[in-house]
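Worksheet: the structure to be examined is printed underneath.
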Amino acid sequence: MGTSGFSWKLEDHPKFPKGKTIGLVVLDGWGEANPDKYNCIHVAETPTMDSLKTGAPDRWRLVRAHGKAVGLPTEDDMGNSEVGHNALGAGRIFAQGAKLVDLALASGKIYEGEGFEYIKECFNEGTLHLIGLLSDGGVHSRLDQLQLLLKGVSERGAKRIRVHVLTDGRDVLDGSSVGFVETLENDLANLRAKGVDAQIASGGGRMYVTMDRYENDWGVVKRGWDAQVLGEAPYKFRNAVEAVKKLREDPKNNDQYLPPFVIVDEGGKAVGPIVDGDAVVTFNFRADRMVMIAKALEYEDFNIFDRVRFPKIRYAGMLQYDGELKLPSKYLVSPPEIDRTSGEYLVHNGVRTFACSETVKFGHVTFFWNGNRSGYFNSSLEEYVEIPSDSGITFNVEPKMKALEIAEKARDAILSRKFDQVRVNLPNGDMVGHTGDINATVVACKAADEAVKIILDAIEQVGGIYVVTADHGNAEDMVKRNKSGQPLLDKNGNIQVLTSHTLQPVPIAIGGPGLAPGVRFRKDVPDGGLANVAATVMNLHGFVAPSDYEATLIEVFDN
C-alpha cells in the first residue's frame with residue numbers, strides 16, 4: 001500500500017467467534033418486487049429462498065443495489081453485475097459512470113490512458129468522430145463533458161473533428177435540442193477560428209437513431225450507421241441548427257424521434273462520413289444505449305444488418321460499456337481504482353478462500369470482487385474454479401445453466417474443510433432474464449434455489465454460517481410498466497417484455513448453525529446497500545472491518 005503506518009492486520013471482533021466456514025452466495029439478477037405473474041422469482045418454486053425470508057425475520061432484509069448505493073450518479077441508474085460485485089467485495093462505494101468521467105476530465109487523466117493514445121494515432125491523417133447524446137440531462141451524457149473533450153482533443157492534436165449529435169427530449173424538455181445545437185455550433189466555430197476543422201456531421205433523435213437498447217430494434221442503430229458512417233440520410237441540410245428547427249416543424253417529430261439527417265457541403269456531399277483511418281468515440285457514459293452501436297463499430301463478423309462498408313477505424317467508448325463482453329475493447333476512462341478489498345484483507349489475515357462460478361460470471365466473484373484485479377492475492381490460501389458456460393445457444397434453451405455444478409463444487413469445498421470462505425455466483429436469474437423468456441426464467445429461478453439448498457445443506461453439516469444475497473434485480477420483473485405500474489402492451493395487445501436489470505432492492509439473509517446466538521440485522525442502517533455486505537462478512541469471520549468501510553449490517557443482541 002505504501003501509506004505510512006498502514007497494516008493489513010484486522011482486529012478481532014469481541015462478539016463474533018473465529019473459525020466458522022462461511023458460504024457466501026450471490027444470486028445474479030435476483031431482486032425483490034411485488035408478487036405477480038411477471039415476477040419469475042415469485043412464480044417459480046423457490047422453497048429455500050422462501051424459507052430464508054419467512055423463517056427468521058431478524059436475519060433477512062433488503063439492501064440497495066442501484067444508483068448512489070453502488071457509485072452511480074442518480075437513483076435512476078440501474079445497478080449491474082460489475083458495479084454490484086465491486087461494491088460487495090470492496091466494502092466502500094467508488095465513483096462509477098459520470099462521476100468517473102468528471103474526475104478523469106478534471107485531472108487530465110483521460111488523456112493519459114491507452115484509450116486516448118489509441119485514437120490519437122488518427123489525429124494527423126484522419127478525422128475524429130464523436131457520437132452521443134447532446135443534452136445536459138446527465139442520465140446518458142452531459143454537454144459540459146463533450147465541451148471539455150472537444151477542448152482537450154483539439155489542444156492535443158486533433159485537426160479534423162466531426163460531431164454526430166443525438167437529440168434528447170426525454171431526460172430534458174422537448175425543444176431544448178435547438179439551444180444545445182446552437183451552443184455546440186458556437187464552440188465548433190471557436191475551434192475553427194483556431195484552425196481546427198470542426199463541424200457537426202449528422203444527427204437524429206435518440207429514440208429513432210442509434211440509441212436503442214437490449215436489442216429491441218436494430219433498425220434504430222442502422223439509421224444511425226447510415227447517417228454517421230455512410231453519410232446517407234433522408235434529410236440533408238447545410239447546417240445543424242437549420243436541420244433541427246426545420247425537422248421539428250413537422251408535428252409528428254419531436255426531439256426524441258427526430259429523423260436522421262446529414263450535413264452536406266455546397267456540392268451536396270456529406271461533410272463527415274466515417275472512413276478508413278478515422279477515429280470514433282461514443283461519448284455517452286451510460287452503457288445500456290451504447291452497447292448496440294459499439295457492437296456495430298467493433299465486431300468484424302457483425303451480421304445483424306448490412307453495414308455496406310466496415311471502415312478500418314480506431315474506436316473507443318467513453319467507458320467500457322459491457323464488462324462481460326469486454327465491449328468496447330478500448331475506452332477513454334478506466335474503471336475505478338479500488339484498493340484494500342475485503343478479499344485481500346481476509347487473505348492477509350489467514351482466511352482461506354474458494355470462489356466459483358461458470359464462465360459468464362466467474363470474473364464477477366474473482367476479478368470484480370477483488371477490485372478489478374486479476375489473479376490470486378495468495379495462491380497458497382485461495383482457489384478459484386471456473387465451470388465452462390454453455391456456448392452456441394441462448395441461455396433460455398438451457399435455463400438451469402451450470403447452477404447444479406457450481407453448487408456441487410461449493411459443497412465439496414465446504415465439506416473438505418480446507419476453506420474458511422466459499423463464495424459463488426449463480427447466474428441464472430440474470431442471464432436467462434436477459435433473454436426475455438418468462439417461462440425459461442421461472443425454470444432458471446427454481447434451479448438457482450435448488451443450488452442454494454445444496455450449499456446451505458453443506459454449511460449445516462460443517463456447523464458453518466451462510467450469507468445469501470444478490471447483485472441487482474432482473475428476474476423479479478419481466479414486463480415494462482407504465483407510471484402507475486401496469487404492464488405495457490404493444491400494438492397487438494401483447495405484453496412488452498422487460499429484459500433489463502431493474503431498480504429493485506435485493507435480499508440478504510444470514511444464518512446457519514455457526515451463527516452466534518443473538519446475531520440479527522441492525523435496525524439503524526435502513527439505507528444499507530451492497531457495499532455494507534463486506535463489513536458484515538468480515539464480522540462473521542471474527543474480525544472488525546476497517547474504519548472507512550461502509551457499516552456492518554449486523555449486531556449481537558444480548559437478551
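The values are calculated or read from the model by the stated rules, or taken from the named source; none is laboratory data. As the structure is a computational prediction, the values presented were derived from the model and not from experiment. Backbone-built Cβ (ideal geometry, glycine too); neighbour counts: all protein chains shown. Side chains are part of the model used for accessible areas, which takes the heavy atoms of the whole protein and leaves out ligands, DNA and RNA. Shrake-Rupley method; radii C 1.70, N 1.55, O 1.52, S 1.80 Å.
Quick notes on this structure:
- Hey, Val544 under 30 Å from Phe6 (Cα atoms), of a type in the set (A, V, I, L, M, F, W, C), open to solvent by 20 Å² or more (accessible area, probe 1.4 Å) and at pLDDT 95 or above or not: yes
- When the residues of the range 503-513 are filtered to those that are open to solvent by 10 Å² or more (accessible area, probe 1.4 Å) and under 19 Å from Phe557 (Cα atoms), the one that is farthest from the chain's Cα centre (by Cα) is Pro513.
- From the list Ala316, Ala294, Ala287, Ala279, the lone residue that is modelled with pLDDT under 95 and within 30 Å of Pro336 (Cα to Cα) is Ala287.
- Just so you know, in the range 64-82 the residues that are aliphatic (A, V, I, L, M) and outside any helix (DSSP H, G or I) include one that is most open to solvent (accessible area, probe 1.4 Å), and it is Met78.
- Residue in the range 56-63 that is farther than 28 Å from Met211 by Cβ, modelled with pLDDT under 95, open to solvent by 10 Å² or more (accessible area, probe 1.4 Å) and aliphatic (A, V, I, L, M) present: yes
- Residue within the range 296-319 that is open to solvent by less than 50 Å² (accessible area, probe 1.4 Å), in a strand (DSSP E or B) and out of contact with any Ser or Thr (no Cβ under 6 Å at 6 or more places or on another chain) present: yes
- Once the range 381-397 is narrowed to residues that are within 25 Å of Asn370 (Cα to Cα) and either of a type in the set (S, T, N, Q) or not in a loop (DSSP other than H, G, I, E, B) (or both), the residue that is most open to solvent (accessible area, probe 1.4 Å) is Glu386.
- All conditions in (1) crowded, with 21+ Cβ neighbours inside 10 Å; (2) in contact with a strand residue (DSSP E or B) (Cβ under 6 Å, 6 or more places away or on another chain) hold for Ala535, with the sole exception of (2).
- Candidates are the residues of the range 426-458 that are touching a Leu at 6+ places or on another chain (Cβ under 8 Å) and outside any helix (DSSP H, G or I); the one that is surrounded by the fewest Cβ atoms within 10 Å (Cβ to Cβ) is Gly436.
- Residues of the range 321-339 classified as open to solvent by 30 Å² or more (accessible area, probe 1.4 Å), assigned to a loop (DSSP other than H, G, I, E, B) and at pLDDT 95 or above, total: 3
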